[in-house]
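Contents: one structure, followed by commentary.
The values are calculated or read from the model by the stated rules, or taken from the named source; none is laboratory data. These numbers were taken from a predicted model, which means no experiment stands behind them. All Cβ positions, even for glycine, are placed from backbone atoms using ideal geometry, and neighbour counts span all protein chains on display. Accessible surface areas use protein heavy atoms only, side chains included; no ligands, DNA or RNA. Shrake-Rupley method; radii C 1.70, N 1.55, O 1.52, S 1.80 Å.
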Amino acid sequence: MKQTERMTQHPLTKYLRSERMPHIWCEGCGNGILLNSFLTALDELKVDLDKIVVVSGIGCIGRAAGYVNVDSFHTTHGRAIAFATGVKLANPDLQVVVISGDGDLFAIGGNHFIHAARRNIDIKVICANNFNYGMTGGQYGPTTPLEAWTTTTPYGNIEHPFNLVHLAAASGAVYVARWTALHVRRLKDSIKKSLQKEGFSFIEVISPCPTIFDRYNKRGTAVDVMKWFKLISNVKHGHDPAKTEITKSQIMVGEFVDVERPSYGRLLRDMTKKVQEKLKEKKAK
Amino acid sequence: MRSRAVLTGTHFLSGDLACAEGAIAAGCRFFGGYPITPATEIAERMSRRLVEVGGVYIQMEDEIGSLAAVIGASYTGKKAMTATSGPGFSLMQENIGLAVMTEAPLVIVNIMRGGPSTGQPTMPGQQDVMQAKWGSHGDYEIIALAPSSVQEMFDLTIDCFNLAESYRVPVMLLADEIIGHMSERVKIPAPEEITIVDRKKPKGPPNEYQPFKPDDDLVPPMGCFGEGYRFHATGLTHDEKGAPKTVSVEEQTKLVRRLCDKIRKNTHKIVRVQEVMLEDAEVAILAYGITSRAALSAVRKARKEGIKAGLLRLITIWPFPTELVAKMADHVTAIVVPEMNYGQIVREVERAAKTTPVSLLSKLGEEPHRPSEIITAMRKALQ
Ligand SMILES: Cc1ncc(C[n+]2csc(CCOP(=O)(O)OP(=O)(O)O)c2C)c(N)n1
Ligand code: SF4
Ligand SMILES: [Mg+2]
């Protein structure tokens, strides 16, 4: 009884739809850590909860949108960014955050990702990268490391993975960071920073998937995976994103891009103003 | 910039441009699309006009993203649309299902060309009329209108927005390349003469809002993002609160039935047709879109030749006016269906007509039907 009371008093309870708990995620999954960091960021920034929209695609992490107690939408597989683009442009007063998976954002939804980054749409994309399609039972995807075992790479993966932060930077994102689920405080700080920055931001969260990917690939328990993250992660702020490939012996983490570039929304508003002023002048003549 | 929104007066416009003007007059302030013949001119017009009226035009990377963005815009309360043709319409199918499931009011214009695949981009067709109804997976209902003139490209586009807002459903304007590209006189009325329908808003306090709890008309009032309702919408089967219900048989049955019934049970309110000389007709033509123009002229000529011909022109294709067609079938000896496809709406007509013989007059690509061809088909049907 005492324990339940304490649980309902969790400082982040008000940010969650508690009637939807327990969530679907496995014990030791990194998704909860990601969500916790996000909610803590909202809390510390005192974000107006009526003015934030969380959008997800399909996948284990895709369920995040359904758990946060703000306006939220669970789109079709891969389309979260395109949906979010519509929301942000139609109502620029809203803060729009996409929380989705590596498969959702970079396989089926890859095209939307690069184009939203190129346009510098003012949305914040947070990706739970667990190196596989968790929801469908552990098939390989665009981030699966070479040689890894998944249910559709029974002889080992022969596809080269994307380096997501490099892809984001090359596509035009104005803020790019990578952390692992171990770097809770730094992840939260990055989310805060991105929420305060105008433009397309991308945060990759290397996330344990103890039930499927880590088990198939003999990485041990969730705790073992976290220990391993600690051992091989290397904080290098400002490092060239092209040189941040994840290898067996190193996960380069940090804030890799933080630049200024006018957002699509800003350019659209400026153009609209100019066009309308010209029309008024014409009318006055 | 209200004055720039409705270009009151008489204009000489192509169907595509009239459609864009109808959309803006209806209050559309968001367009997400991807260029495709023969619908490109709608995007071009919207890119110019929306900026004038303070709206948003975005050219997405494909039609999948276009419709996703339009659904997003709709959820902020904006009236939103996209325009495409066959290949793009095919790409939109999954998100049509999402719009149906999340009850997003929006308009999809399809200027139909010849298919399958890339087919004949610059030639007319009516080959997507079944896809419009059945293209996405699962059971669902949509509304689709078929304009047969440039004036109707303007008028019916407004109707599409009003129906979308009334029923919280994607509404399609199914035109064809000829209607899209030909130019005719269009009268744009004064703003106060245009009926505009807006979605029902929730009445109670935001914390009690249930986003998918319907009123008696089976349509739920719609709160929008940023209004303080803090609600969740999902393409998964959900309850009235919007919570996913992925294994409940009851919730699946309840939701899918309601999504279909809100259209099916209102068919009589939604359906619009034009009846020409049907009272004493022996043979009826059932046509829609461009073919109905030739059909009308065929009926007039046939009458002069002593054939008791009549025309039922469908303005609403979906929901299909089954009852109306059945009633008509009781009074005629034959029905002829000219279509620019290899037999699509004719199937619905056969289903409704029961024992009355129905014959298809199919044309693919090439020119639209000629009145003389329709008269010959009527004669044959009467033999
Ligand atoms: C169009 C479509 N294709 C396939 C699927 C099946 N599917 C659901 S989730 C998923 C993969 C999700 O992977 P990821 O985005 O990495 O999320 P995770 O489950 O790993 O968190 C797939 C392939 C689907 N829902 N829709
Ligand atoms: S399958 Fe993997 S990603 Fe999905 S909830 Fe379980 S641990 Fe997390
Ligand atoms: Mg994944």
What's the local net charge at A:ASP189, with K and R +1, D and E -1, over the other residues with C-beta under 12 Å away? +3
Helix-only [θ]222 nm of chain A, DSSP H runs n ≥ 4, -39500 (n - 2.57) each, per residue, nearest 500: -10500 deg cm²/dmol
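Report, to the nearest whole %, how much of the accessible area of the range A:72-176 belongs to carbon and sulfur atoms, 1.4 Å probe, protein only. Don't skip to the end; give the middle numbers.
Details: 1790 of 3030 Å².
Whole-percent figure for carbon plus sulfur exposure: 59.
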By DSSP, what percent of the beta bridges with both residues in the protein assembly as shown are antiparallel, rounded to the nearest 5? 25
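If you take the alpha carbon radius of gyration of chain A and divide it by 2.2 N^0.38 Å, what ratio comes out, to two decimals?
Details: Rg = 19.7 Å, N = 285, 2.2 N^0.38 = 18.8 Å.
Compared with the compact-globule rule of thumb, chain A sits at 1.04.
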Checking A:TYR67, A:TYR155, A:TYR216 against a Gaussian network model of chain A (alpha-carbon springs below 10 Å), the top fluctuating residue turns out to be A:TYR155
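Please give the per residue accessible area of the protein assembly as shown, computed with a probe of 1.4 Å over protein heavy atoms only, in Å². It would help to have the intermediate numbers written out before the result.
On the way: 27040 Å² over 668 residues.
Here the residues of the protein assembly as shown average 40 Å² of exposed surface.
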Taking A:LYS230 as the anchor, which lysines have their alpha carbon closer than 28 Å to its alpha carbon, excluding any fewer than eight residues away along the same chain? A:LYS124, A:LYS188, A:LYS192, A:LYS193, A:LYS218, A:LYS243, A:LYS248
Name all residues of the range B:5-30 having a backbone nitrogen under 16 Å from the label point set 7 Å from the Cα of B:GLN274 along its Cα→Cβ direction, giving them as ranges. B:15
Can you give me the % of accessible surface on the range B:253-383 that is carbon or sulfur? Probe 1.4 Å, all protein chains present, nothing else counted. 50
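Mean separation of Cα pairs under 8 Å and 6+ residues apart, divided by the residue count of chain B: what relative contact order is that in percent?
Relative contact order, chain B: 16 percent.
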Residues in the range A:79-94 near a label at A:ARG118, defined as backbone nitrogen under 19 Å from the 7 Å Cα→Cβ point? A:79-86, A:89
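Kindly provide the helix-only [θ] at 222 nm of chain B, computed as the sum of -39,500 (n - 2.57) over DSSP H runs of four or more divided by all residues, to the nearest 500 deg cm²/dmol? If you can, show how the numbers build up before the last one.
Working: 14 runs with 152 residues, N = 383.
Helices in chain B give a 222 nm mean residue ellipticity of -12000 deg cm²/dmol.
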Checking buried surface per residue: for the range B:232-273, which residues lose a minimum of 30 Å² accessible area in the protein assembly relative to the chain alone (1.4 Å probe)? B:HIS232, B:ALA233, B:LEU236
Once each part is reduced to its C-alpha centroid, what is the distance from the range B:13-56 to the range B:345-383 in angstrom? 35
What's the long-distance tail for the protein assembly as shown, i.e. % of Cα pairs beyond 45 Å? 26
Listed residues B:LYS187, A:LYS230, B:LYS262 arranged by accessible area, highest first, probe 1.4 Å: A:LYS230, B:LYS187, B:LYS262
Over the heavy atoms of B:GLU250, what accessible area does a 1.4 Å probe trace out, to the nearest 10 Å²? 130
Once you place label points 7 Å from the Cα toward the Cβ at A:ARG185 and B:ASP216, how far apart are they in nm? 6.1
GNM, chain B, Cα, under 10 Å: largest mean-square fluctuation among B:ILE307, B:ILE290, B:ILE111? B:ILE307
I need the trypsin sites (Lys or Arg not before Pro) found in the range A:39-90, filtered to DSSP loop residues with at most 12 other beta carbons within 10 Å of theirs. A:LYS46
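Given the alpha-carbon gyration tensor of the range B:274-382, what are the semi-axes of its equivalent ellipsoid in whole angstrom, ordered largest first, with each equal to the square root of 5 times an eigenvalue?
Working: eigenvalues 62, 57, 29 Å².
Largest first, the range B:274-382 gives 18, 17, 12 Å.
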Length gained when the stretch A:VAL259-A:ASP50 is fully extended (0.36 nm per residue, less Cα-Cα span): 72.4 nm
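Work out the FRET efficiency for B:LYS203 and B:LYS241 from their Cβ-Cβ distance, taking R0 = 22 Å, and round it to the nearest 0.05. Walk me through the intermediate numbers first.
Working: r = 17 Å, r/R0 = 0.76.
That gives a FRET efficiency of 0.85.
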Minimum 30 Å² accessible area buried by the other protein chains, the range B:49-71 residues, probe 1.4 Å, relative to alone: B:VAL51, B:GLU52, B:VAL56, B:ILE58, B:MET60, B:GLU61, B:ILE64, B:ALA68
Counting other Cβ atoms within 10 Å, keep those with at most 13, restrict to DSSP loop, and tell me which GluC sites (Glu not before Pro) in the range A:216-285 are left. A:GLU260
Place +1 on the Cβ of every Lys and Arg and -1 on the Cβ of every Asp and Glu in chain B, take the dipole about the Cα centre, and give the residue among B:MET81, B:LEU67, B:GLN383 whose Cα lies farthest towards its positive end. B:GLN383
Of B:PRO87, B:PRO38, B:PRO147, the most mobile residue in a GNM of chain B (C-alpha springs, cutoff 10 Å) is B:PRO87
If you look for lysine pairs in the range B:274-382 that are eight or more places apart or on different chains, how many of them have Cα atoms under 19 Å apart? 6
Take the alpha carbon atoms of the range A:61-102, find their center, do the same for the range B:230-279, and report the distance between the two centers in whole angstrom. 24
Computed on protein heavy atoms with a 1.4 Å probe, what is the summed buried accessible area for the chain pair B and A, in Å² to the nearest 100? 3500
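Ordering B:TRP318, A:TRP228 by accessible area with a probe of 1.4 Å, largest first, what comes out? Mind showing how you got there, number by number?
Details: B:TRP318 10, A:TRP228 75 Å².
Largest accessible area first, the list is A:TRP228, B:TRP318.
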Residue separation between B:HIS331 and B:LEU382 times 0.36 nm, minus their alpha-carbon distance, gives in nm 17.0 nm
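Considering only protein heavy atoms and a probe of 1.4 Å, how much of the accessible area of the range B:2-193 is carbon and sulfur, as a whole percent? Provide the component values of the computation, followed by the final result.
Details: 2630 of 5060 Å².
The nonpolar share, carbon plus sulfur, comes to 52 percent.
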Under 29 Å between alpha carbons, and skipping anything fewer than 8 positions from A:LYS278 in its own chain: which lysines qualify? A:LYS88, B:LYS78, B:LYS79, B:LYS187
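If R0 is 56 Å, what FRET efficiency do you get for B:ASP261 and A:ASP270 from their C-beta distance, rounded to 0.05? It would help to have the intermediate numbers written out before the result.
Values: r = 47 Å, r/R0 = 0.84.
Computed FRET efficiency for B:ASP261 and A:ASP270: 0.75.
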Please work out the FRET efficiency for the pair B:SER117 and B:SER362, using the Cβ-Cβ distance as r and a Förster radius of 25 Å; give the result to the nearest 0.05. 0.85
Among the lysines, select those whose C-alpha is under 21 Å from the C-alpha of A:LYS283, and discard any that sit fewer than 8 residues away in the same chain. A:LYS273, A:LYS274
May I ask what percent, to the nearest 5, of DSSP beta bridges between residues of the range B:253-383 are antiparallel? 20
